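First comes the structure, then the notes that go with it.
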Amino acid sequence: MNVALHEDPVFLEVLRHRLTATADEMCVALQRTAYSTNITTRQDFSCAIFDRAQRVIAQSFSQPVHLGSLVHFVPRIMDAYGVERLEPGDGILCNDGLNGGVHMNDVCLVSPVFYDDELVAFVATIAHHLDVGGLTPGSIGLAKEIYQEGFRIPPVRFLNRGELDENIFNLFQANSRSPKETGGDLRAQIAGIHTGTRRLSETFDKYGVDTFDRTVSKLIEYSERRTREEIRNIPNGVYKAEGFMDGDGFTETPIKVVVAITVEDEKVVFDLTGSDAQRKCPINATYAMTLSNCAYALRVMMDPGLPINEGFYRTFDVIAPEGSIVNARTPAAIGGGWETAFRVCETALEAFGQCMSERLAAGSKGALCNISFGGISPRTGEYYVFYEAMGGG
């Protein structure tokens, strides 16, 4: 009977919702054990599950702008670290935005899931940490290069067969103005990883790895088919818009973002050629940031019930010239890159408005409005950091 489960449309829905529930439970574990208001209140974190080929199969959208970040970042982390080096209980930590990630406050933890000594899946959490060092409290300030923005972590083994590496843990805390919150939030990410691993193991116990693999492939095919059907509702054509940031923090010279969207039958291409070159300023976006906001712009054009996994991401491409404000390279500063990435989203939605305005709301300011400051507490004598992002509405 189990051999045919992956062909059963009812079972496909059962497994899809089971995986989504697992990702959601990972987020609940992370949120409830975190220390900082960035996670407990502002919910600036996300969780995802990947199959053995590092294809995303379930996401929890605590933070919508992470929609495409993990999809791009996790395979880059695994390529850099080496899948062959992984052991059960390992966890790989990374925040390197210029090597696949987002800004350095967004710290990613990826862990392999083994079953009967076989690597069968991955679970990942990404969370905005209150402070990772650098020039200013909150690690988002007037930097001209990434080296001024804080503690840059390449893919390193943070969990060794389930045991936390105290050396890396202490090193990270020593480079943060908020070591208590940093330590608590890192442990919260571990809680999220452990929750996902435990729930996936229960899924393998119940259905078996082979049925899981076959059903996941069917789910990806189903999502791709549904997405392409949704794209067919968008009229074929090229839709182009320009957006501007008022300045870069050092000059009042506007920054231009160009988004040209080509819709052709069942495929969408976002071409950002023509966007300004990267600058010596903190609002350069990484490719992952740009990808995530293009994915969001496409997602809101579709049925809210559409399952989001690898199949969705197969249906569109993002062209973002390297060295531009929307795909910065070393040594660009990227701390405020989400500001530019949100402008990419607003500009993409403006372009879509030329063909499907009835699906869209009016434009917003499209910016985060970050506020951060810090100092020595007269009550405790400890350094404190306050950070708030007011959103793009």
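The values are calculated or read from the model by the stated rules, or taken from the named source; none is laboratory data. All values derive from a computational prediction rather than experimental measurement. Cβ sites come from the backbone with ideal geometry, for glycine too, and all protein chains shown count toward neighbours.
Couple of notes before you dig in:
- Residue within segment 223-237 that is closer than 15 Å to Cys345 by Cβ and under 24 Å from the mean Cα position of the chain (by Cα) present: no
- Among (1) in the same structural domain as Pro254 (by TED's automatic domain parsing); (2) part of a loop (DSSP other than H, G, I, E, B); (3) over 16 Å from the mean Cα position of the chain (by Cα) - the single one Gln354 does not satisfy: (2)
- Matching residues, segment 127-183, being over 17 Å from Leu109 (Cβ atoms), surrounded by fewer than 16 Cβ atoms within 10 Å (Cβ to Cβ) and either of a type in the set (A, V, I, L, M) or touching a helix residue (DSSP H, G or I) at 6+ places or on another chain (Cβ under 6 Å) (or both): Leu142, Ala174
- Take the conditions (1) without any contact (Cβ under 8 Å) to a residue 24 or more places away in the chain; (2) touching a helix residue (DSSP H, G or I) at 6+ places or on another chain (Cβ under 9 Å); (3) not basic (Lys, Arg); Phe352 misses just one of them, which is (1).
- Being surrounded by 16 or more Cβ atoms within 10 Å (Cβ to Cβ), farther than 22 Å from Ala23 by Cβ, of a type in the set (Lys, Arg) and outside the structural domain of Asn99 (by TED's automatic domain parsing) holds for only one residue in Arg299, Arg343, Arg314, Arg329, and it is Arg343.
- Candidates Leu109, Leu70, Leu98 - the one that is part of a strand (DSSP E or B), out of contact with any His (no Cβ under 7 Å at 6 or more places or on another chain), within 26 Å of Glu145 (Cα to Cα) and not charged (D, E, K, R): Leu109
- Some residue of segment 40-61 being of a type outside the set (Phe, Trp, Tyr), in a helix (DSSP H, G or I) and closer than 22 Å to Gly101 by Cα: no
- For segment 301-319, a tally of residues being part of a strand (DSSP E or B) and touching a Lys or Arg at 6+ places or on another chain (Cβ under 9 Å) returns 2.
- A search for C-beta distances below 9 Å between a residue of segment 139-151 that is assigned by TED's automatic domain parsing to the domain that holds Val102 and under 20 Å from Phe169 (Cα atoms) and any residue that is assigned to a loop (DSSP other than H, G, I, E, B) and of a type in the set (Asp, Glu), counting only pairs 6+ apart in sequence or on different chains, returns Ser139/Asp131; Ser139/Glu149; Gly150/Asp131.
- Within segment 201-248, considering residues that are among the small types (Gly, Ala, Ser) and assigned to a helix (DSSP H, G or I), the one nearest to Val113 (Cα to Cα): Ser201
- Residue identified as more than 17 Å from the chain's Cα centre (by Cα) and within 25 Å of Leu306 (Cβ to Cβ) among Ala53, Ala124, Ala80: Ala53
- Exactly one residue among Ile334, Ile371 is part of a strand (DSSP E or B), of a type outside the set (Ser, Thr, Tyr) and closer than 25 Å to Arg42 by Cα, and that residue is Ile371.
- Any chance Glu339 is assigned to a loop (DSSP other than H, G, I, E, B) and within 20 Å of the chain's Cα centre (by Cα): no
- Residues of segment 288-338 satisfying the condition of being modelled with pLDDT under 95 and among the basic types (Lys, Arg): Arg299
- Looking only at residues of segment 267-296 that are among the polar types (S, T, N, Q) and not in a helix (DSSP H, G or I), we find that the one that is surrounded by the most Cβ atoms within 10 Å (Cβ to Cβ) is Asn284.
- Segment 346-372 - residue that is surrounded by fewer than 16 Cβ atoms within 10 Å (Cβ to Cβ) and aliphatic (A, V, I, L, M) and, of those, modelled with the highest pLDDT: Met356
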